[in-house]
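All remarks here apply to the structure that follows.
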Amino acid sequence: MNALRGRLERFLHGIGDGASLFLETLYWCKAAPRNTDKILAHLLEFGNATLPIASLMALFIGGVLALQTGSRLAQFGLEGNIGGIVGLSMVKELGPVMTALLVAGRVGSAIAAEVGAMNVYEEIDALKTLNINPVRYLVMPRLLASVIAVPALAMYVNVIGLLGGAVVSAINPKISVSLRLFRLNFQEVVKFSDVIDSVIKSVVFGMVVALTCCYVGLRTTGGPEEIGRAVTRAVVLSFMLIFVLNYLITRSLM
């Protein structure tokens, strides 16, 4: 019982600390115009780290979606609906979720390692000595960069995934749906509101990844071995929050 109560207390304490960090980061967003160079640098980091693998991931996810779904639809003569099915799957679910997971694994782990190392080697204490707020200097630029980069990457993933699905639908003899028919069905089924839902999810996921990884990094203590554990904790926690929030956002937008 005591162990369970201790875990519950740590869980609630972590939620409170995370909320406090979020509110403090929002407060320091007022300093964003004076930190555009840091925000742009982190944006480039997001793009360089994720764009190549995001392209490969999206292309083959779209292709597999079309291959699996199209062959089943063709058995009932409904292969003309493949564009809408692939489009909804990519835009509403796979695009934002897979992009957020990729960013958490590639960039979020680097954020947790960098901030955690700074905390372990007392560089954050040095910032405080120089009267530099760590949240303004470390967290706020990464949060804004993530909020901008993740939706942009998600839209890119959606487009590449649709391209992969359209190509597979056209060249696979079991499906044989032309690019024009694929596009027309996509336009008929996928509405602008679905794209907005995708953007909303991506913004929330980007915020969660940046805040979670910074939070874990700022609370990393001990020796160098703790940095590796902090990276693992940050990525796993980001994944869990993405899955939970994906359900909650999907439910609220229905």
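The values are calculated or read from the model by the stated rules, or taken from the named source; none is laboratory data. Keep in mind that this is a model prediction, so the values were computed, not measured. Here Cβ is always computed from backbone atoms with ideal geometry, including for glycine, and neighbour counts include all displayed protein chains.
Couple of notes before you dig in:
- If you go through region 114-146 and keep only what is surrounded by 19 or more Cβ atoms within 10 Å (Cβ to Cβ) and either small (G, A, S) or closer than 15 Å to L43 by Cβ (or both), you end up with G116, M140, P141, R142, L143, L144, A145, S146.
- Screening region 189-198 for residues that are of a type in the set (A, V, I, L, M) and touching a residue at least 60 places away in the same chain (Cβ under 8 Å) and picking the one that is nearest to I148 (Cα to Cα) gives V195.
- Top-ranked residue of region 172-186 - restricted to ones that are free of Cβ contacts under 8 Å to residues at least 60 places away in the same chain and surrounded by 12 or more Cβ atoms within 10 Å (Cβ to Cβ), ranked as farthest from K92 (Cα to Cα): S178
- Candidates A58, A31, A41, filtered to the one that is under 30 Å from E188 (Cβ atoms) and assigned to a helix (DSSP H, G or I): A58
- Among (1) among the hydrophobic types (A, V, I, L, M, F, W, C); (2) crowded, with 21+ Cβ neighbours inside 10 Å; (3) over 17 Å from G164 (Cβ atoms), the one test that L101 misses: (2)
- Residues within region 221-251 that are among the hydroxyl-bearing types (S, T, Y) and at pLDDT below 90, tallied: 1
- Counting the residues of region 19-70 that are among the polar types (S, T, N, Q), over 30 Å from S178 (Cβ atoms) and in contact (Cβ under 8 Å) with a residue 40 or more places away in the chain gives 3.
- Residue list for region 71-120, filter: touching a residue at least 24 places away in the same chain (Cβ under 8 Å) and basic (K, R): K92, R106
- Matching residues in region 158-186 - criterion: being more than 26 Å from S252 (Cβ to Cβ), of a type in the set (S, T, N, Q) and not in a loop (DSSP other than H, G, I, E, B): S169, N185
- Unmet criterion (only one of (1) touching a helix residue (DSSP H, G or I) at 6+ places or on another chain (Cβ under 7 Å); (2) farther than 22 Å from L21 by Cα) for R180: (1)
- Qualifying residue in region 142-152 (condition: hydroxyl-bearing (S, T, Y) and under 10 Å from the mean Cα position of the chain (by Cα)): yes
- Looking only at residues of region 22-48 that are charged (D, E, K, R) and more than 19 Å from the chain's Cα centre (by Cα), we find that the one that is surrounded by the most Cβ atoms within 10 Å (Cβ to Cβ) is K38.
- Residues that are aliphatic (A, V, I, L, M) and over 15 Å from V103 (Cβ atoms) were ranked within region 202-235; the one that is farthest from the chain's Cα centre (by Cα) is I227.
- Single condition L65 does not satisfy, out of (1) over 19 Å from the mean Cα position of the chain (by Cα); (2) surrounded by fewer than 13 Cβ atoms within 10 Å (Cβ to Cβ); (3) at pLDDT 85 or above: (2)
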